[in-house]
1. Yes or no: the stretch 445-458 includes at least one residue that is on the phi < 0 side of the Ramachandran plot, assigned to a loop (DSSP other than H, G, I, E, B) and of a type in the set (S, T, N, Q).
2. I'd like the residue in the stretch 639-666 that is farther than 15 Å from T502 by Cα and over 28 Å from the mean Cα position of the chain (by Cα) and, out of all such residues, is most open to solvent (accessible area, probe 1.4 Å).
3. Kindly indicate whether T502 is within 30 Å of V739 (Cβ to Cβ) and among the hydroxyl-bearing types (S, T, Y).
4. Please specify each residue of the stretch 577-589 satisfying the condition of being among the hydrophobic types (A, V, I, L, M, F, W, C) and in a loop (DSSP other than H, G, I, E, B).
5. Show the residue pairs that are 6+ apart or on different chains and have beta-carbon atoms under 8 Å apart, the first residue being within the stretch 499-519 and within 17 Å of A655 (Cβ to Cβ), the second being modelled with pLDDT of 90 or more and part of a loop (DSSP other than H, G, I, E, B).
6. Please go through the stretch 69-82 and pick out each residue that is open to solvent by 50 Å² or more (accessible area, probe 1.4 Å) and not polar (S, T, N, Q).
7. Please go through the stretch 333-349 and give me each residue that is under 20 Å from I476 (Cα atoms) and among the β-branched types (V, I, T), ordered by number.
8. Does Q91 satisfy being assigned to a helix (DSSP H, G or I) and farther than 30 Å from V418 by Cβ?
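The values are calculated or read from the model by the stated rules, or taken from the named source; none is laboratory data. For clarity, every value in this text was computed on a predicted model and none was experimentally measured. All Cβ positions, glycine included, derive from the backbone under ideal geometry; neighbour counts span all protein chains shown. All accessible areas refer to the heavy atoms of the entire protein, side chains included, with ligands and DNA or RNA removed. Shrake-Rupley method; radii C 1.70, N 1.55, O 1.52, S 1.80 Å.
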Amino acid sequence: MVNNPKKKAEIKISGMHCASCALNVEKSLQELEGVGEAQVNFGTEKATIEYDPKKLKLQDLEKTVENVGFSVVNEKVIIKVGGMTCAMCVQAIEGILGKITGVSEVNVNLAAEKAYVTYNPKMTSVAEMRQAIEDLGYEYLGLEGETNEDQEEKLQQADLNGKRNRFTVAFAVSIPLMVLMYVDVMLPFNMAYFMLVVTILPFIYVSHPIFSAAYRSLQNHNLNMDVMYSLGIGVAFISSILGTFNIVLTPEFMFYETALMLAGFLMLGRWLEARAKGRTGSAIKKLVGLQAKNATILRDEEGDSIETQIPVEEVIVGDVVMVKPGERIPVDGKVIFGESYVDESMITGEPIPSLKNTGSVVVGGTINQNGILKFQAEKIGKDTTLAQIIRLVESAQGSKPPVQRIADRAVSYFIPTVLTIAIAAFLVWYFLLGSTLLFGLTILISILVVACPCALGLATPTAVTVGIGRGAELGILVKNGEALEISEKLTTILFDKTGTLTKGKPEVTNIIGTGLDDKTLLFIAASVENNSQHPLAEAIVTKARDNDIKLSDTEGFNTFAGKGVSATVNGKSVVIGTRNLLKENDVEISEDENEMILKLELEGKTAVLVAINNAFSGILGVADTLKDNTSLAIKELKKMDLEVAMITGDNPRTAEVIAGKIGIERIMAGVLPEDKSAEVKRLQENGEVVAFVGDGINDAPALAQADVGIAIGSGTDVAIESGEIVLIKDDLLDAVAGVQLSEKVMGRIKLNLFWAFAYNVILIPVAAGLLYPTLGITFRPEYAGLAMALSSVTIVTLSLLLKGYMPPSKNLEES
């Protein structure tokens, strides 16, 4: 029977609108080398593919579907994993989960002790992942959100207590024994037997987790830090037993207290590390802690509104929720009664409470301050803004910036290299340089216990976890580690004008009728623009209503993207928009009219031109005010040696006036919305690394095209899915803060990696006795163990310093 190595994948696809979409996907999949057969069913929205796993991965198939322009429907899960001790454990778990058919992406965060898995639910399950993790010898501690906060804290505390008890026992026994060895007191019994009896039970108790983890690792054909450390302390203790009974070795080989102390140092290091790692995820815990437990809803019973308190999970869309002063708002919704100030600082970072009244949007997790509010629930459960932010931060903390690949590559060679160095050093000292066997074994043990891949494994994830958490506290949501790394390399920041640099709420400032009176001009223009959702249209309609002008119905309304609109009002053909639109409709503009238009544009206003029955009839001057802190944000970005540019659909003269007010020299004017992404691409083709800052409403393609898309929100009404960096607050200084935070986190990652590499590069040669021939310096195993324990703690502590980081731009105020 021929062994068929092919695998079958079933991918759920969204976004297909017709049978030709399915055929396009099918064709693209069939063109891949390694695909035997591909069938796409438009009705069920599924692709069934038979492929060769030696040539293709599931991820390649999914990427092909996405490249055609459709979305792959996958599920994401965060698995809590216990028993990981070093970067090699991370590689082992990522490797075993990545081999499961149906898993397309795995990222394991050593600091958070979590595996972030993207998988196809049609092909695999969490149960299969659990089995794989447990077969490796690690603990499956459940899915994120399965266990409540109190249970998690109890589990963490039990783990910490276990480690603390072990190193306490280790030091309580080993330190007095070491003192006895050095004091050289004459005892009425054999010292070797005494030390064996005193240390054997404490040694088994303290080192049991180390040897157990090493055994599991070897069972799965992996080498990790526990294997190396087990060799070190195992050699020390077994040598002592052989020396005690004069088997091959003599009684001078006494390492009992050293072996116990080394095991104690490892436990001390892991205890300190676990305590520090627990603090790296404090931002998530704070966010989770904002979620209300209960809600007071109003139910109509026999004509009366009855207050009923229910768990927040039971609130449904449409429920009327009442919130009293001091209470936390349970879900997102819209106020239908009452007025109160609401503290939204925990979501937006904005310290000043926001006034809420009828029609205002309220967000779950914020705190009502002084009045009673009644609101209608609109978003509940996983759809609330707070739940989305928590998911985004969790996902981002599980991502890896590309710089992590350096550490991953180093770790894969680390342990075999250290084992080779340890054995080579022993052979060189004992056989070539003629040292004593005792000295050779001491060198071997010191190398095995001083080498530490943990520091390398923790350098990136701890900094990413703390940095992204700090960003969330400041109202800056960074979606992944890659965005952090690219933000550090930016050369150009491109700002959309309307709604980003300006408030996006234009007002009509000038009404100039040329062929008719101003009021009639406004009436006709507003009647046409009443059909449009464009900000300029809304400004014109608002001006008409403010002047009590009753608008007329229109016929044949049409829009011309980026140019204007047309319609028929009371039998008159009306065209409203730019010079180009009027020119295309054969409308002539006189020199005097051109001068009026130019005058408005030189004032930084947008001139909206009106033509009736193909005759130029007037101009509406519309101005959009700049946001607070705009000039200051541009100035700060320039200080960071970044080129700042503005892109707008406005004509060049208006754009130049606005850009001149805020200090932007590089302007891209007259760009239609659909062409903004092409402008970003053009910059990239010229070697620029581009960040695009927009409001995420009509510039999604440009945000997606940019190396880093920065979506600026407006308080709690934020499009979470827009951009790689999402700013919750409508403040351009936060765009600066986002770049500064990214630079700080990347700087800390590099510092961590430097110390992790430097520690091993310096101390392994010292432990190997490199300085002994010239300076007589050796590294005692006890000191080597202490140094190893402190290395990881140092890295985690350096990352934790990011918790207090405040981007310089956050301290600035508009002067």
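1. Taking the stretch 445-458 first, the residues on the phi < 0 side of the Ramachandran plot are 445-458.
Now narrow it down to the ones that are assigned to a loop (DSSP other than H, G, I, E, B): 451-453.
Remaining after also requiring of a type in the set (S, T, N, Q): none.
Looking for residues that are on the phi < 0 side of the Ramachandran plot, assigned to a loop (DSSP other than H, G, I, E, B) and of a type in the set (S, T, N, Q), one finds none in the stretch 445-458, hence no.
2. Narrowing the stretch 639-666 to residues farther than 15 Å from T502 by Cα: 639-644, 651-653, 665-666.
Keeping just the survivors that are over 28 Å from the mean Cα position of the chain (by Cα) gives 651-653, 665-666.
Values: N651: 40, P652: 75, R653: 91, E665: 137, R666: 67 Å².
Taking the candidates together, the pick is E665.
3. Numbers: within 30 Å of V739 (Cβ to Cβ): yes; among the hydroxyl-bearing types (S, T, Y): yes.
In short, yes.
4. Start the filter on the stretch 577-589 by keeping residues that are among the hydrophobic types (A, V, I, L, M, F, W, C), which leaves 581-582, 587, 589.
Across the stretch 577-589, the qualifying residues are V587, I589.
5. These pairs meet every condition: T500/L732; L501/L732.
6. First pass over the stretch 69-82, keeping only residues open to solvent by 50 Å² or more (accessible area, probe 1.4 Å): 69, 71, 73, 75-76.
Matches in the stretch 69-82: G69, V73, E75, K76.
7. First pass over the stretch 333-349, keeping only residues under 20 Å from I476 (Cα atoms): 343-349.
Passing the criteria: I347, T348.
8. Details: assigned to a helix (DSSP H, G or I): yes; farther than 30 Å from V418 by Cβ: no.
Answer is no for this residue.
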